[in-house]
């Protein structure tokens, strides 16, 4: 039961990070022109990997 809750929470966080990345895309494009990079891809990658690891264990 606990692993299902953990996996569900990871899935929700992963989906939220994708939504956040899409929402911040225009800001990231403007920031990149000024030489600033937003590290949103790190968050999406780490959450995706964590979810895949828990999905393989189930």
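Every read-out reported here was derived from the displayed coordinates using simple, explicitly stated rules and does not represent laboratory data. Computed from a prediction, not measured in an experiment: that's the story for all the values here.
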Nearest 10 degrees is fine. How inclined is helix 2-23 to the longest principal axis of the chain, computing both from alpha carbons?
20
Gyration tensor over alpha-carbon atoms, segment 2-57, equivalent ellipsoid semi-axes in Å
29, 10, 6
